[in-house]
Every structure is written in C-alpha cells, then in structure tokens.
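The values are calculated or read from the model by the stated rules, or taken from the named source; none is laboratory data. Values in this document were obtained by computation on a predicted structure and should not be read as measured data. Don't worry about glycine lacking a Cβ; one is built from the backbone with ideal geometry, like all the others, and counts go over all protein chains shown.
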Amino acid sequence: MAEMTQITPFVNCRDLAAQRRFFEDMLGFTCGFQADNYAFLRRDNVAVRLLEVDFNLDDPARQQMVYIDVDDVDALWAELEPALSKLPEGRARAPFNQPYNQREFHVSDEGACLFLFGQGIEPSA
C-alpha cells in the first residue's frame with residue numbers, strides 16, 4: 001500500500017514577495033522554487049505553497065488556518081521569537097497550553113492565514 005508522506009497547504013496571499021520574506025525571515029523557511037504568482041518553501045519536513053491571488057482576502061470565508069506539529073514547541077518559539085517580536089502587536093502569541101493537550105504558539109502571516117505550531121502534552125491532572 002502506498003504511504004502518504006506529507007501534506008503541503010496552499011496559502012493564498014496578496015503580495016508574494018512580502019509573504020515569501022515573512023516565511024524566510026520570520027519562520028526560517030527556504031524557497032525551493034518561485035515563478036510568477038507561486039512559490040514553494042520548505043523547512044525540515046514541512047512545506048508550504050504560496051499563491052498570490054487577486055480576490056479579497058479580508059472576506060472571513062477566504063481566511064485559512066494551518067496546524068504544524070513540532071517536536072519541541074518551546075525551542076522553536078525561542079528560535080523564532082527574536083524575529084517574531086518585530087511583528088505588529090497581536091500577530092504572534094507565545095506558547096500556551098490548550099485544553100485539548102497541545103502546547104501551541106500562533107503566528108499570523110502577511111495575509112489571511114493563521115499558523116498554529118504545536119506539540120502534544122500530557123493531560124493535566
């Protein structure tokens with residue numbers, strides 16, 4: 001039986017250059033390919049496909065969320081926090097525990113996508 005190895009979301013954006021800089025400068029991704037209105041970026045075993053679109057991303061129906069599982073959410077936050085601290089207020093939320101046994105931090109990109117980085121934690125007593 002064939003094994004699925006990765007899911008790679010398409011992330012819509014208004015400005016491909018700005019969105020690419022966000023992923024590279026804030027989240028540590030590397031661009032493997034770019035053409036016109038499309039870019040493919042990767043970090044470790046995670047990849048995203050950026051797509052510049054001309055429709056209204058302010059429409060809540062067009063907004064997106066992507067969950068990225070990591071093995072050490074606090075270490076990743078410590079790595080990214082110096083860059084993320086330069087974002088406008090409210091665009092990055094420091095690690096916190098969720099009631100569904102995940103520890104997460106959240107980052108809003110340059111457009112209409114919220115990225116949630118998380119790892120499983122033991123249930124609290």
Exactly one of Leu41, Leu57 is farther than 27 Å from Ser124 by Cα, touching a Cys at 6+ places or on another chain (Cβ under 6 Å) and without any contact (Cβ under 8 Å) to a residue 60 or more places away in the chain, and that residue is Leu41
Listed by first then second residue, the pairs whose first member lies in the stretch 6-25 and is farther than 21 Å from Phe55 by Cβ, whose partner is at pLDDT 95 or above and in a helix (DSSP H, G or I), with beta carbons under 8 Å and at least 6 positions apart or on separate chains, are Asp25/Ala83
If we ask which residues in the stretch 84-125 are in a loop (DSSP other than H, G, I, E, B) and not aliphatic (A, V, I, L, M), their number turns out to be 16
For the stretch 1-42, the count of residues that are in contact with a strand residue (DSSP E or B) (Cβ under 7 Å, 6 or more places away or on another chain), not aliphatic (A, V, I, L, M) and not in a loop (DSSP other than H, G, I, E, B) equals 14
Any residue in the stretch 64-81 that is among the acidic types (Asp, Glu) and part of a strand (DSSP E or B)? yes
Condition set more than 11 Å from the chain's Cα centre (by Cα) and hydroxyl-bearing (Ser, Thr, Tyr), scope the stretch 99-125, selection surrounded by the fewest Cβ atoms within 10 Å (Cβ to Cβ): answer is Ser124
Within the stretch 17-76, residues being surrounded by 16 or more Cβ atoms within 10 Å (Cβ to Cβ), more than 14 Å from the chain's Cα centre (by Cα) and at pLDDT 95 or above number 1
Within the stretch 77-125, the count of residues that are at pLDDT 90 or above and among the small types (Gly, Ala, Ser) comes to 9
Taking the stretch 1-16 and keeping only residues that are among the aliphatic types (A, V, I, L, M) and at pLDDT below 95, one is left with Met1, Ala2, Met4, Ile7, Val11
